[in-house]
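Reviewing the structure listed below.
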Amino acid sequence: MNIEQSARPLGLPASTRPMKHLLTILVPWLIATLVSASGHAAEPPPPLLKGWRHPPVIFNPGEHYGPAARNYQGIPGIERAPGGRLWATWYAGKVWEERFNYVVLATSGDDGATWSDAVAVIDPDGAGPLRAADSCLWLDPDGKLWCFWWLNEKVWSGYDDSKLSVTMAITTANPDAERPQWSAPFPLFSGLMLNKPIVTSQGEWMMPSNKWYTDHGLRVMVSTDKGRNWVLRGTANVPAAQRNADEPMIVERKDGSFWMLVRTKHGIGQTVSHDQGRTWAEVSDYQEHTVSRFHLRKLQSGNLLLIRHGRIDEKGERERLTAYLSEDDGRSWLGGLLLDERRRTSYPDATQAPDGTIHVVYDYNRHLEKQILMATFTERDVREGKLASPQSRSRVLVNRATGDNPVVGRIAEGPPLRTDESAATLITGGPRPVLRCHAGEVRPLHRTDNVFSDRDYIFRAFPGERFFQRDRSFVFAPMGRTEITCIEGGMVYVFTPAADRNPESVEPELLAQGFRKTSVTEFDLIFKLTEKVRGRNSCSVFQKRLSPGEKVRFGKWGVLVF
């Protein structure tokens, strides 16, 4: 997209300082950056990080990352150290899955009876734009504990090679220590991995990874040197109509083939490789399932464990988290141990102790309850459909955050959202315009980013139409000072409250300039992190097709999108 704008580049001073003064500031900073504390030249950042250097892990997180500061948390993982210490990970933030996300590590020295709060936090840059998410724990064959996570910049817009999207890791060789020594963060490969690697019968480490919403986006990474290097072994393709967040998992079957299960719009898809992961069949439907993560792993017995929502091949909701066993490599499933019947339970991950006990971690109600929970059980429990073993437990609390999420409750407490059926139909076709900003600048439209340059409002949500969910731009300007000139024609949209909702609506100004209100249902566009209920900020969408030379100008308040 070609965008012309007169605003200065982001971060450039409004006035140019004398060169000598700039050098006085920059040279010491550059020297400090390039030279380490020991006096030796620092290594350059790895190429995968595009010149960016990951900060150290935070081992004394304090109140800034404490339970009261975490307004959202979920997507957990679990692992067991050789001596029995349990480790859990998840990610947290201020609102939901957004630029404020960071990874949390917690531990238990008594088999999960009690848990620490955060003993370590991985936070790439505070308020963004980078986020740390989708963390995973794995114990390798040598007893080293790995914590993987996804370092990424672009959240909802699929994969973009211009943005950081890297699988990162830290490791520790003494995971049974309460406060072990961890390595510095290091990158592995581009893309995302969420689920545990496996060790193949050939001794290779095989890791399922993916790049969202892309052709052959399922990527099988392999290491033959104990994780020092990872290479792409093969890819698999999800049909475009079925693509979702992928979240692939792999097991090696008894016949030596590799079976991959994938999250799709249908539920669970499958593909098979018969050549050590080099080639894979097109992903096909396997089971109906709610669109959410499930868990697949091979147990010590050789049987497969599947943890999913509801009955086998039932679409359902994110509820009734249930464990099943397969003795025939997934051709059929038996048992059915209900781990948690409640709605909003999700994202199970599991590990198995040497005595056969299975530890499962999952989240519950990420915005309200903000709980990370654990269940322990055995294969016998799954077969019998009940917790019959002495070591079996359910709903063990690993962690609960207590932060007050600014989004939760606003829908219920605010006025009902309206749809104006008599208004114009939203027009989504045609070329995008090229605009010149006379105030502000053009920025990508992303949830939780700042809305105005002189206010602390951030984007909460966009209209339900998929059209506004990806690859849109907006004019970032002071509240009440939006002004553009159209260089090349196309459709523009303005989000603003209806005039009867908010006296600061710019609806009259828009109508006077030829905009038309659309029948898009109202939506909560903006909020502050301190807000508790919806105020008068439920917005409608207004639209107009601009011609070259046309100007648009309006006051307080609206957001121009294209």
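The values are calculated or read from the model by the stated rules, or taken from the named source; none is laboratory data. Nothing here was measured: the structure is a model prediction, and the numbers come from that model. All Cβ positions, glycine included, derive from the backbone under ideal geometry; neighbour counts span all protein chains shown.
For this structure, a couple of remarks:
- When the strands (runs of 3 or more DSSP E) confined to region 169-257 are screened for residues that are hydroxyl-bearing (Ser, Thr, Tyr), those reaching at least 1 such residues are found at 186-190, 205-210, 218-223, 231-236.
- The one condition from (1) buried (at least 22 other Cβ atoms within 10 Å of the Cβ); (2) of a type outside the set (Ser, Thr, Tyr); (3) free of Cβ contacts under 8 Å to residues at least 24 places away in the same chain that residue 342 does not meet is (1).
- When 485, 496 are checked against the criterion of being farther than 27 Å from residue 405 by Cα, over 26 Å from the mean Cα position of the chain (by Cα) and either crowded, with 21+ Cβ neighbours inside 10 Å or not charged (D, E, K, R) (or both), 485 stands alone in meeting it.
- Number of residues in region 418-440 that are among the polar types (S, T, N, Q) and within 32 Å of the chain's Cα centre (by Cα) equals 2.
- Qualifying residue in region 16-26 (condition: aliphatic (A, V, I, L, M) and modelled with pLDDT of 90 or more): no
- Flag if residue 383 is surrounded by fewer than 20 Cβ atoms within 10 Å (Cβ to Cβ) and basic (Lys, Arg): yes
- Neighbours by Cβ (under 6 Å, 6+ apart or cross-chain): first from region 264-278, surrounded by 20 or more Cβ atoms within 10 Å (Cβ to Cβ); second at pLDDT below 95 and not small (Gly, Ala, Ser): 264/244
- Count of residues meeting criterion [over 14 Å from residue 169 (Cβ atoms) and polar (S, T, N, Q)] in region 115-153: 2
- Sole exception among (1) in contact (Cβ under 8 Å) with a residue 12 or more places away in the chain; (2) farther than 14 Å from residue 296 by Cα; (3) surrounded by fewer than 24 Cβ atoms within 10 Å (Cβ to Cβ); (4) not aliphatic (A, V, I, L, M) for residue 326, by number: (2)
- Single match in 110, 125 (criterion: assigned to a loop (DSSP other than H, G, I, E, B) and touching a residue at least 12 places away in the same chain (Cβ under 8 Å)): 125
- Residues considered: 395, 331. Of these, the only one that is modelled with pLDDT of 95 or more, within 24 Å of residue 107 (Cα to Cα) and surrounded by fewer than 16 Cβ atoms within 10 Å (Cβ to Cβ) is 395.
- Breaking point among (1) surrounded by fewer than 22 Cβ atoms within 10 Å (Cβ to Cβ); (2) of a type in the set (S, T, N, Q); (3) over 24 Å from residue 351 (Cβ atoms), for residue 287: (3)
- First in region 421-442 and within 10 Å of residue 490 (Cβ to Cβ), second anywhere and of a type in the set (Gly, Ala, Ser), Cβ under 7 Å, 6 or more apart: 430/490; 431/490; 432/490; 433/489; 433/490
- Residue in region 222-238 that is in contact (Cβ under 8 Å) with a residue 40 or more places away in the chain, closer than 20 Å to residue 347 by Cβ and not hydroxyl-bearing (Ser, Thr, Tyr) present: yes
- All positions within region 308-318 that are in a loop (DSSP other than H, G, I, E, B) and closer than 17 Å to residue 385 by Cα: 310, 311, 312
- Filter result for the condition that a residue is modelled with pLDDT of 95 or more and over 18 Å from residue 376 (Cα atoms), over 51, 62, 74: 74
- Considering only residues in region 290-306 that are aliphatic (A, V, I, L, M) and in contact (Cβ under 8 Å) with a residue 40 or more places away in the chain, the one that is surrounded by the most Cβ atoms within 10 Å (Cβ to Cβ) turns out to be 305.
- Filter result (touching a Ser or Thr at 6+ places or on another chain (Cβ under 8 Å) and buried (at least 16 other Cβ atoms within 10 Å of the Cβ)) within region 228-245: 230, 234, 236, 238, 242, 243, 244
- Filter pass, residue 500 being out of contact with any strand residue (DSSP E or B) (no Cβ under 7 Å at 6 or more places or on another chain), modelled with pLDDT under 95 and closer than 20 Å to residue 440 by Cα: no
- Matching entry among 79, 63 (being acidic (Asp, Glu), assigned by TED's automatic domain parsing to the domain that holds residue 183 and surrounded by 14 or more Cβ atoms within 10 Å (Cβ to Cβ)): 79
- Residue within region 195-213 that is among the small types (Gly, Ala, Ser) and either surrounded by fewer than 21 Cβ atoms within 10 Å (Cβ to Cβ) or in contact with a Phe, Trp or Tyr (Cβ under 6 Å, 6 or more places away or on another chain) (or both) present: yes
- Within region 399-415, residues that are within 21 Å of residue 523 (Cα to Cα) reach partners that are modelled with pLDDT of 70 or more and among the acidic types (Asp, Glu) with beta carbons closer than 7 Å, at six or more positions or on different chains, in the pairs 410/524.
- Scanning region 189-214 for residues that are of a type in the set (D, E, K, R), under 20 Å from the mean Cα position of the chain (by Cα) and over 21 Å from residue 89 (Cα atoms) yields one hit, 211.
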